[in-house]
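Only one structure is covered here, and it is reproduced in the block below.
The values are calculated or read from the model by the stated rules, or taken from the named source; none is laboratory data. Computed from a predicted model, the values in this text were never measured in an experiment. Positions of Cβ are generated from backbone atoms using ideal geometry, with glycine treated the same way; all protein chains shown enter the neighbour counts.
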């Protein structure tokens, strides 16, 4: 399997611009997670989906952030408008249901907002 | 609410020595899983080891073992015979089976292996 695929790997944008991060989970996995990693706040769970349905979005920082999963093989995380404090590495991860199912991570999308 | 605590921001260990990285957790779900991940400087997240809440024996995977003390709600990672390549961030994580199967991480411990 190709693993979790994220794009873009790197994104540099200016404050106020819209940013869209994309994720393709591992085929057959029914859970998909979005995390944000910064030095100050560590790994924060933003939102996760089960069978394409958002289960918990309490970690989404504010209304500027939105996430969708239109089908089992694709998810997006959108920031509109972006701000410098959104600069971080954004990870997508997926897993199969069950206690022992490890989380498989993508390589991350490094976002820099100037 | 589920919470993971890692009280050691940084640790040093001499090459070939063993090291223990601490992790405590809090959950009201009797059914949960505990995980450790390694993040080297290159940034990828690497799964190391898993322990289920109902497992009777401590998990082991090569040089990694998990010291699971359920009553204390601790799940410490033990790395034996440290190697220079073990220098990385290490994250403890938990997934609750009955509460939506979320997956939360602790703040991490940065391990430096000295030659």
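Per-residue answers, yes or no, for (1) farther than 30 Å from residue A:110 by Cβ; (2) at pLDDT 95 or above:
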{"site": "B:13", "(1), (2)": "no, yes"}
{"site": "B:35", "(1), (2)": "no, yes"}
{"site": "B:54", "(1), (2)": "yes, no"}
{"site": "B:60", "(1), (2)": "yes, yes"}
{"site": "B:78", "(1), (2)": "yes, yes"}
{"site": "B:109", "(1), (2)": "no, yes"}
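Kindly indicate whether residue B:74 is touching a strand residue (DSSP E or B) at 6+ places or on another chain (Cβ under 9 Å), more than 13 Å from chain A (Cβ to nearest Cβ) and either within 23 Å of residue A:108 (Cβ to Cβ) or loosely packed, with under 13 Cβ neighbours inside 10 Å (or both). Against the criterion (touching a strand residue (DSSP E or B) at 6+ places or on another chain (Cβ under 9 Å), more than 13 Å from chain A (Cβ to nearest Cβ) and either within 23 Å of residue A:108 (Cβ to Cβ) or loosely packed, with under 13 Cβ neighbours inside 10 Å (or both)), residue B:74 does not qualify. Taking the criterion of being touching a residue at least 60 places away in the same chain (Cβ under 8 Å), surrounded by 16 or more Cβ atoms within 10 Å (Cβ to Cβ) and within 13 Å of the chain's Cα centre (by Cα), the only residue of the range A:48-85 that qualifies is A:79. Here residue A:79 passes the criteria (1) touching a helix residue (DSSP H, G or I) at 6+ places or on another chain (Cβ under 6 Å); (2) at pLDDT below 95 except the one numbered (2). Against the list (1) under 18 Å from residue B:46 (Cβ atoms); (2) in contact with a strand residue (DSSP E or B) (Cβ under 6 Å, 6 or more places away or on another chain), the condition residue A:42 fails is (2). If you take the residues of the range B:29-60 that are more than 12 Å from every other protein chain (Cβ to nearest Cβ), free of Cβ contacts under 8 Å to residues at least 12 places away in the same chain and part of a loop (DSSP other than H, G, I, E, B), which of them is farthest from residue B:111 (Cα to Cα)? Among those that are more than 12 Å from every other protein chain (Cβ to nearest Cβ), free of Cβ contacts under 8 Å to residues at least 12 places away in the same chain and part of a loop (DSSP other than H, G, I, E, B), it is B:56. Looking at A:17, A:6, A:37, just one residue is at negative phi and in a loop (DSSP other than H, G, I, E, B), and that residue is A:17.
The set of residues from the range B:1-38 being out of contact with any strand residue (DSSP E or B) (no Cβ under 6 Å at 6 or more places or on another chain) and under 12 Å from residue B:76 (Cβ atoms) comprises B:7, B:18. Filtering the range A:95-105 to residues that are facing another protein chain (nearest Cβ under 9 Å) and part of a loop (DSSP other than H, G, I, E, B) leaves A:97, A:98, A:99, A:100, A:101, A:102, A:103.
Search the range A:21-47 for residues being in contact (Cβ under 8 Å) with a residue 12 or more places away in the chain and surrounded by fewer than 14 Cβ atoms within 10 Å (Cβ to Cβ), and hand back the single one that is farthest from the other protein chains (Cβ to nearest Cβ). Filtering the range A:21-47 for residues that are in contact (Cβ under 8 Å) with a residue 12 or more places away in the chain and surrounded by fewer than 14 Cβ atoms within 10 Å (Cβ to Cβ), the one farthest from the other protein chains (Cβ to nearest Cβ) comes out as A:27.
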